[in-house]
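Colleague: First, the structure itself, so that you have it in front of you.
What follows is calculated from the coordinates using simple rules that are stated; it is not laboratory data. Model, not experiment: these values are computed from the prediction. Please note: Cβ atoms are built from the backbone with ideal geometry, for glycine as well, and neighbour counts cover all protein chains shown.
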Amino acid sequence: MTRILDEVTAANRAYAADFGDKGKLALPPARGFAILTCMDARLDPAKYAGLAEGDAHVIRNAGGRASDDAIRSLVISHKLLGTREWFVIHHTDCGMQLFDGATMATLLETSRATANFDGTTWTNQQAEGGSPEGWHLAWLTFRDLAQSVRDDVVRIKAHPLTPDDVPVHGFIYEVKTGELLPVD
Ligand code: ZN
């Protein structure tokens, strides 16, 4: 057992002990919407958007980007589970603005170990155990935060599997205040 594993399993025992009647929740989200957002640890969609278990779908990845897999989840969310409104929520100070695809692939080519960041440049701490596979992934980084939200809203709306009548709202979550700021 690692310390983290101990902490997670202990927290789960406490959660399950106080689970109440949540075992009776229906599978389709009760409030009929889905959020696509970043995996950043400072973001808690349940809190920033007021969700309880069973309320909404939350799809998370690095950046909250409209990747093919995020779109797969959104289409399932609507087509099979009835969500009628979608949100794309990126955030200030996102790590996806701190590198680009070539930087990531170059780092991984030399080493898979966690890299150092000095505020400007990423460097490997070791020079072994790399793989060229990083060159084959779309890392979906961005420079302009508001534009990244617009791009993803446009991509989702334009996707042939997106229904015409599902609104897609774009927002930026401000990590310094917790506010959701709309993106036109
Ligand atoms: Zn982020």
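Colleague: Kindly provide the set of residues from the stretch 75-120 that are in a strand (DSSP E or B) and of a type in the set (S, T, N, Q), ordered by number.
Modeller: N116
Colleague: Determine if the stretch 146-168 includes at least one residue that is within 17 Å of the chain's Cα centre (by Cα), assigned to a strand (DSSP E or B) and touching a residue at least 40 places away in the same chain (Cβ under 8 Å).
Modeller: yes
Colleague: Identify all residues within the stretch 33-46 that are touching a residue at least 12 places away in the same chain (Cβ under 8 Å) and over 17 Å from R72 (Cα atoms); write none if there are none.
Modeller: Listed by number, the residues that qualify are M39, D40, R42, L43, P45, A46.
Colleague: Among N116, N61, N12, which is within 16 Å of the ligand (Cβ to nearest atom) and either closer than 19 Å to I172 by Cα or more than 14 Å from the chain's Cα centre (by Cα) (or both)?
Modeller: Sole residue among the options that is within 16 Å of the ligand (Cβ to nearest atom) and either closer than 19 Å to I172 by Cα or more than 14 Å from the chain's Cα centre (by Cα) (or both): N61.
Colleague: Being surrounded by fewer than 17 Cβ atoms within 10 Å (Cβ to Cβ) and either basic (K, R) or under 25 Å from A46 (Cβ atoms) (or both): is that true of R112 here?
Modeller: yes
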